[in-house]
Amino acid sequence: MAITKPKPQNAMLRFIRNVRKDKALLLLLLPGVLYLILNNYLPMFGVVIAFKHVDYSKGILGSDWVGLDNFQFLFSTKDAWIITRNTVLYNALFIVLNLVVAVAFAIALNELRARLAARFYQSVMFLPHFLSMIVVSYLGYSLLNSEYGFINKTVLEPLGFPAVSWYSESKLWPFILPLVNLWKHVGYLSIVYLAAIIGIDNEYYEAAHIDGASKWQQITRITVPLIRPVLIVMTLLQVGKIFNSDFGLFYQVPLDSGALYNTTQVIDTYVYRALLTLGDIGMSSAAGLYQALVGFVLVMTTNYVVRKIDKENALF
């Protein structure tokens, strides 16, 4: 007796039925999808500007094509190596410092038994994340001003040390900028990691305590391995932005001091200054596209490496 296979269900009818079934969830999803389309995907049509010499009288679509000439600007100048080096090394240092210090603070906060004190410390650490970089630059100026700054007047001079001209000593800023970035962002990251730590079942620690494990062993054998997926995801997201610098940090905090360009100038500030001087929108668009493409390649490469080592902890 021949067995007749059931006819495949109409795909459109199945789609409509699923939409009706999950319409409440889809309505909740709609604002996020619209935001993603309007904020992330529609602006991608502006990529064409990177390959044009924009003439406002002709409009964007009518402007002349220049091919890769806009990209050549980034690599043909004598500062190309300096800005690329600064961008990559600073961001790599930020990733490592933020990861290590934020995890350490998250573990320390989790160990606090006084809940009121823990909430107070969380709030104090989280506050700098909401401050504008302009405000941070003024705070930095109050500390580093060569004549009236707190460090020179209150710390160095009473100890017999000469005052330091902070805004003309470029060799000091590879230490100042990471500290400022750490102070501003470590609170937010520590809260993210603290949320992951709180989600760990307390039975693991109780069993380890019964077996005689020290606090350090509990951290290295239980806490860090169990929050590793969160650490990997956060690191991957930051790796994708390794060619995108915090503009306010590198422009506002050093007060745009020309004497510091050798150690504070990155791709974003360089393009901004060139845009102010030349008014070339095509060149700035090319820089943005270059940063996005490099970030995409880095994320894909890093995620591929993670998948090879531990497939379950890969981002995708």
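The values are calculated or read from the model by the stated rules, or taken from the named source; none is laboratory data. Computed from a predicted structure; not experimentally measured. Here the Cβ positions follow ideal geometry from the backbone for every residue, glycine too, while neighbour counts run over all protein chains shown. For accessibility, only protein heavy atoms count, side chains too; no ligands or nucleic acids. Shrake-Rupley method; radii C 1.70, N 1.55, O 1.52, S 1.80 Å.
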Next item on the list: Enter the Cα centre distance for the pair segment 141-175 and segment 15-46, rounded to the nearest angstrom.
Entry: 53
Checklist line | In nm, spacing of pseudo-spin labels at Leu26 and Val297 (7 Å Cα→C-beta vector) | finding: 4.0
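Find how much the distance from Leu61 to Leu179 grows on full extension, using 0.36 nm per residue of separation minus their present alpha carbon separation; answer in nm with one decimal. Please list the in-between numbers first.
Details: separation 118, 0.36 × 118 = 42.48 nm, distance 4.47 nm.
Result for the pair: 38.0 nm of gain on full extension.
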Next item on the list: Enumerate the lysines that Lys21 could reach by cross-link, defined here as Cα to Cα under 26 Å, with residues fewer than 8 away along the same chain left out.
Entry: Lys7
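Evaluate the charge dipole of segment 180-316 about its Cα centre and quote only its size in Debye, nearest 20, assuming +1 on the Cβ of each Lys and Arg and -1 on the Cβ of each Asp and Glu. Kindly include the intermediate steps, with their values, before the conclusion.
On the way: 9 positive and 10 negative charges, 48 e Å.
Result for segment 180-316 is approximately 240 debye, rounded to the nearest 20.
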Checklist line | Mean Cβ count within 10 Å, highest first, over the residues of peptides 200-206, 40-46 | finding: 200-206, 40-46
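At a 1.4 Å probe radius, carbon and sulfur cover how many percent of the accessible area of the chain?
On the way: 13740 of 20220 Å².
Within the chain, the accessible surface is 68 percent carbon and sulfur.
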Next item on the list: Output the peptides 267-278, 153-164 sorted from most to least packed, where packing is the average of other Cβ atoms within 10 Å over each peptide's residues.
Entry: 267-278, 153-164
Next item on the list: Would you compute, from DSSP H runs of 4+ residues alone, the mean residue ellipticity of the chain at 222 nm, taking -39500 (n - 2.57) per run and dividing by the full residue count, rounded to the nearest 500?
Entry: -19500 deg cm²/dmol
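Suppose every K and R has +1 on its Cβ and every D and E has -1 on its Cβ; what is the size of the dipole of segment 30-172 about the Cα centre, in Debye to the nearest 20? Can you show the working numbers first?
Values: 9 positive and 8 negative charges, 91 e Å.
Roughly 440 debye for segment 30-172.
Across all directions of projection, what mean area in square nanometres is found for the Cα convex hull of segment 145-199? Could you put the intermediate results ahead of the total?
Numbers: hull surface 21.2 nm².
Orientation-averaged projected area of the Cα hull: 5.3 nm².
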Note to self: Rounded to the nearest angstrom and ordered from largest down, what semi-axes does the equivalent ellipsoid of segment 15-72 get from its C-alpha gyration tensor (root of 5λ)?
What the structure shows: 40, 11, 10
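Rank-order 207-215, 135-143 by packing density, defined as the average count of other C-beta atoms within 10 Å over each peptide's residues, highest first.
Working: 207-215: 11.4, 135-143: 16.0.
Top of the packing list down: 135-143, 207-215.
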Next item on the list: For segment 255-316, state the average projected area of the convex hull of the C-alpha atoms over all orientations, rounded to one decimal in nm².
Entry: 6.2
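Could you state, as a whole-number percent, how many of the C-alpha pairs of segment 174-316 are farther apart than 27 Å? Provide the component values of the computation, followed by the final result.
Details: 4465 of 10153 pairs.
Of all Cα-Cα pairs in segment 174-316, 44 percent lie more than 27 Å apart.
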Item checked: Distribution of pairwise C-alpha distances over segment 42-98, 10 Å bins, in % -> 20, 30, 28, 18, 4
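Let's see if you can work this out: charge +1 on each Lys and Arg Cβ, -1 on each Asp and Glu Cβ, no other charges. What is the dipole magnitude of the chain about its Cα centre, in debye to the nearest 20? Intermediate values should be presented prior to the final figure.
Values: 25 positive and 19 negative charges, 292 e Å.
Charge dipole of the chain: 1400 debye, to the nearest 20.
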Next item on the list: May I ask you to compute the full-extension gain from Ser146 to Glu111, defined as 0.36 nm times their residue separation minus their alpha-carbon distance, rounded to one decimal in nm?
Entry: 8.5 nm
Margin query: In Å², and per residue, what accessible area does the chain have when probed at 1.4 Å with the other protein chains present?
Written below: 64
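Ratio to report: Rg/Rh of the chain, with Cα atoms as the point set and Rh obtained by the Kirkwood method; give two decimals.
Dividing the radius of gyration by the Kirkwood radius yields 1.07.
What does the extension gain come out to for Thr277 and Leu93, with contour length at 0.36 nm per residue minus their alpha carbon separation?
Numbers: separation 184, 0.36 × 184 = 66.24 nm, distance 3.06 nm.
Taking Thr277 through Leu93 to full extension adds about 63.2 nm, to one decimal.
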Check: In nm, to one decimal, how far is the His53 label point from the Ser76 one, both placed 7 Å along Cα→Cβ?
Finding: 1.1
Margin query: Quick check: pseudo-label points 7 Å beyond the Cα along Cα→Cβ at Leu172 and Tyr204, how many nm apart are they?
Written below: 4.4
